[in-house]
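Worksheet: the structure to be examined is printed underneath.
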Amino acid sequence: MYPFPHRHLLAIEGLEQPYIADLLDLAESYALLNRQGKTQRDLLKGRTLINLFFEDSTRTRTSFELAGKRLGADIVNMSVSTSSVNKGETLLDTAATLNAMQTDLLVVRHGISGAPALLAQKVDAAVINAGDGTHEHPTQALLDALTIRRRKGRLEGLTVAICGDVLHSRVARSNIHLLLAMNSRVRVVGPPTLIPAEAARLGVEVHHHMKTGLKDADVVMMLRLQKERMTGGLVPSAREFFRFYGLDAEKLAWAKPDAIVMHPGPMNRGVEIDSAVADDPARSVIGEQVEMGVAVRMAVLDTLARGLRRNA
Ligand code: ASP
């Protein structure tokens, strides 16, 4: 295992392949321990983890909380509605408060791309980006990769189709960087209005039809239609969207017969994915993604805390 050279985890872009592989290997070992019901409560003993969420989350926040608890950290959850951010406190004042509290690990979700990176410059803690605007969601990409690797035995050479609202998706952006770093073939599939202009430059194939986009895919990753980030009508209606881009059994048949189906959640059933596919245990790995989320976050917290020990 290589010593992790970064103090924070702010993005997958720029994270080198061996460190991604190391994080996945460590997460795999935590996944095994979790299944055996074993914890490692001394690893982060005496460390303080603050979950600072400026945007809603159920899965990610709970997952970080559980991960931190399994490693023995003291955890405080701060959400916008209860903090003084509502009273007009700036992000930088919040940083000063967190420093005064001697926070070791800071998990941040924010609606503005780049907010966790800004905080990282101002706090002593190791910062983990838990989703910033439309920019990145690095732990989601790691948990997706771990799920794929467990199911397919590898990442290299696989064809992964990322479908739907790619434009607004930080999950898509982090996944694209990670999968390309691990030598997977990546396609983005969606209407032209929901595919970012820079997609082709990133080195992915762009498809506007599910039939060609899903052809021979090993992995079909569906994304939530992010209405809250849309300005203006980018899709005619949810019903139209489902007809052309919603994943149902008929469209899934265009992928490889053993293709797995993923979704980061929360799902809009009947909009980007049909319940029959989402709940099909033979194809859907959505439950396993949530399970791997805890293991991946344990690996990230453990790795960054080792850096804190070195720097202390
Ligand atoms: N939960 C993911 C995120 O925070 C995906 C989504 O919201 O659609 O980006």
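Just to confirm, what accessible area per residue do you get for segment 5-85 at 1.4 Å probe, in whole Å²?
49 Å²
Hey, any idea what % of the chain's accessible area is carbon plus sulfur with a 1.4 Å probe?
52 percent
Can you give me the angle between helix 91-100 and the longest principal axis of the chain, using Cα atoms only, in degrees from 0 to 90, rounded to the nearest 10?
Here the helix axis deviates by roughly 40 degrees.
On each of the three principal axes of the Cα atoms of the chain, give max minus min coordinate, whole Å, ordered largest first.
54, 44, 34
Calculate I(q)/I(0) for segment 207-264 by the Debye formula, one identical point scatterer on each C-alpha and no solvent, and give its log10 at q = 0.15 Å⁻¹ to two decimals.
So the normalised log intensities are -0.48.
What relative contact order, as a whole-number percentage, does segment 17-133 give when Cα pairs under 8 Å and 6 or more residues apart are counted?
About 25 percent, as a whole number.
With a 1.4 Å probe and all protein chains kept in place, how much accessible area does Lys227 have, in Å² rounded to the nearest 10?
Here the accessible area works out near 120 Å².
For the chain, find the longest principal axis of its Cα atoms and tell me its angle to the long axis of helix 170-181, 0 to 90°, nearest 10.
Computed tilt is about 90 degrees.
Just by accessible area at a 1.4 angstrom probe, what is the order of Arg59, Arg109 from largest to smallest?
Largest to smallest exposure gives the sequence Arg59, Arg109.
Classify segment 106-148: rounded, prolate or oblate, from the alpha-carbon gyration tensor (a ≥ b ≥ c, eigenvalue square roots; a/c under 1.5 rounded; otherwise prolate if a/b is larger than b/c)?
Cα axes put segment 106-148 in the oblate bin.
Going Cα to Cα from Lys45, which lysines come in below 29 Å? Please leave out same-chain ones fewer than 8 positions away.
Lys69, Lys122
Output the relative contact order of the chain, whole-number percent, from Cα pairs under 8 angstrom with separation of 6+ residues.
The value is 21 percent.
Under a Cβ-only charge scheme (Lys and Arg +1, Asp and Glu -1), can you give me the dipole magnitude of segment 75-214 about the Cα centre, in debye to the nearest 20?
Dipole of segment 75-214, to the nearest 20 debye: 680 debye.
Does segment 142-285 come out rounded, prolate or oblate by the C-alpha gyration tensor, with a ≥ b ≥ c the root eigenvalues, rounded set by a/c under 1.5 and, if not, prolate when a/b is larger than b/c and oblate if not?
Verdict is oblate for segment 142-285.
The values are calculated or read from the model by the stated rules, or taken from the named source; none is laboratory data. On a predicted model such as this, the values are computed, not experimentally measured, just so you know. Note that each Cβ is placed from the backbone with ideal geometry, even for glycine, and that neighbours are counted across all protein chains shown. Surface accessibility is based on the protein's heavy atoms, side chains included, excluding ligands, DNA and RNA. Shrake-Rupley method; radii C 1.70, N 1.55, O 1.52, S 1.80 Å.
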